[in-house]
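Engineer: Okay, here's the structure, questions in a sec.
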Amino acid sequence: MEITSAAFQQFLNQKKLMGSKCKHCGKVHLPARPLCPECGSMDVEWVALKGNGKLVAFTTIHVGPTLMCQAGYDRKNPYCSGIVQLDEGPKISARILNVDAQNPQAIKVGTPLTVDFVEQGQGDSKRTFLAFKA
């Protein structure tokens, strides 16, 4: 399968975390990229990622985009977004679940995380988003 953002979304819909691995330098990237930004090689392939990592940065969001507001998040009910470094190396931004976004001082950098998938929307507008849970 060609490495595209549409293919990445298809994997998310199947609840699979897939990245790309450069066959030339061995670097793993998430989201997947058709061209290795490390060495410039186009010889890349899909690779399954285990989905284990740690929280390296985060923020709590009180005023989010429309989709998150429609899901019930607001000034009184914030959510957490963070940067996760996977055991395989790459870092990715995602929603962080099972943390107290109303008490951000209790959220700790270095917290172990596991991949999760959040479905939002109805019918044809239903979409799966990448998330990680503590």
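Engineer: Among the residues of the stretch 40-53, write down those that are surrounded by fewer than 16 Cβ atoms within 10 Å (Cβ to Cβ) and not aliphatic (A, V, I, L, M).
Structural biologist: Passing the criteria: GLY40, SER41, ASP43, GLU45, LYS50, ASN52.
Engineer: How many of the residues in the stretch 23-39 are within 20 Å of the chain's Cα centre (by Cα), open to solvent by less than 60 Å² (accessible area, probe 1.4 Å) and farther than 18 Å from SER93 by Cα?
Structural biologist: 1
Engineer: How many residues does the stretch 1-22 contain that are open to solvent by 20 Å² or more (accessible area, probe 1.4 Å), under 17 Å from ILE92 (Cα atoms) and either in contact with a helix residue (DSSP H, G or I) (Cβ under 6 Å, 6 or more places away or on another chain) or free of Cβ contacts under 8 Å to residues at least 40 places away in the same chain (or both)?
Structural biologist: 7
Engineer: Tell me, which residue of the stretch 54-67 that is touching a Gly at 6+ places or on another chain (Cβ under 9 Å) and of a type in the set (A, V, I, L, M) is most open to solvent (accessible area, probe 1.4 Å)?
Structural biologist: Looking at the filtered set, the residue picked out is LEU67.
Engineer: Would you confirm, using the coordinates I've provided, whether SER93 is out of contact with any His (no Cβ under 6 Å at 6 or more places or on another chain), hydroxyl-bearing (Ser, Thr, Tyr), open to solvent by 60 Å² or more (accessible area, probe 1.4 Å) and modelled with pLDDT of 95 or more? Let's see the steps before the verdict.
Structural biologist: Working: out of contact with any His (no Cβ under 6 Å at 6 or more places or on another chain): yes; hydroxyl-bearing (Ser, Thr, Tyr): yes; open to solvent by 60 Å² or more (accessible area, probe 1.4 Å): yes; modelled with pLDDT of 95 or more: yes.
Judged against the criteria, SER93 is a match.
Engineer: Step by step: first the residues of the stretch 13-22, then only those that are under 15 Å from the mean Cα position of the chain (by Cα) and hydrophobic (A, V, I, L, M, F, W, C), then the one that is nearest to GLN120 (Cα to Cα). Which residue is that?
Structural biologist: The residue in question is LEU17.
Engineer: Kindly provide the set of residues from the stretch 34-69 that are of a type in the set (D, E, K, R) and under 21 Å from PHE117 (Cβ atoms), ordered by number.
Structural biologist: LYS50, LYS54
Engineer: Still on this structure: When the stretch 50-85 is examined, which residues are found to be within 17 Å of PHE129 (Cα to Cα), modelled with pLDDT of 95 or more and out of contact with any helix residue (DSSP H, G or I) (no Cβ under 8 Å at 6 or more places or on another chain)?
Structural biologist: LYS50, GLY51, ASN52, SER81, GLY82, ILE83, VAL84
Engineer: Here is a list of conditions, (1) part of a strand (DSSP E or B); (2) under 24 Å from GLY110 (Cβ atoms); (3) open to solvent by less than 80 Å² (accessible area, probe 1.4 Å), and GLU88 meets all of them except one; can you say which number that is?
Structural biologist: (1)
Engineer: Quick check on this structure: which one of MET42, MET18 is touching a Pro at 6+ places or on another chain (Cβ under 7 Å) and not aromatic (Phe, Trp, Tyr)?
Structural biologist: MET42
Engineer: Out of the residues in the stretch 97-134 that are open to solvent by 100 Å² or more (accessible area, probe 1.4 Å) and more than 20 Å from ASN13 (Cα to Cα), state the one that is nearest to the chain's Cα centre (by Cα).
Structural biologist: So, considering only residues that are open to solvent by 100 Å² or more (accessible area, probe 1.4 Å) and more than 20 Å from ASN13 (Cα to Cα), the one nearest to the chain's Cα centre (by Cα) is ASN98.
The values are calculated or read from the model by the stated rules, or taken from the named source; none is laboratory data. No experiment lies behind these values; they were computed from the predicted model shown. Counting neighbours? That spans all protein chains shown, and the Cβs are built from the backbone with ideal geometry, glycine included. Quick note on the areas: whole protein, heavy atoms, side chains included, nothing else; ligands and nucleic acids left out. Shrake-Rupley method; radii C 1.70, N 1.55, O 1.52, S 1.80 Å.
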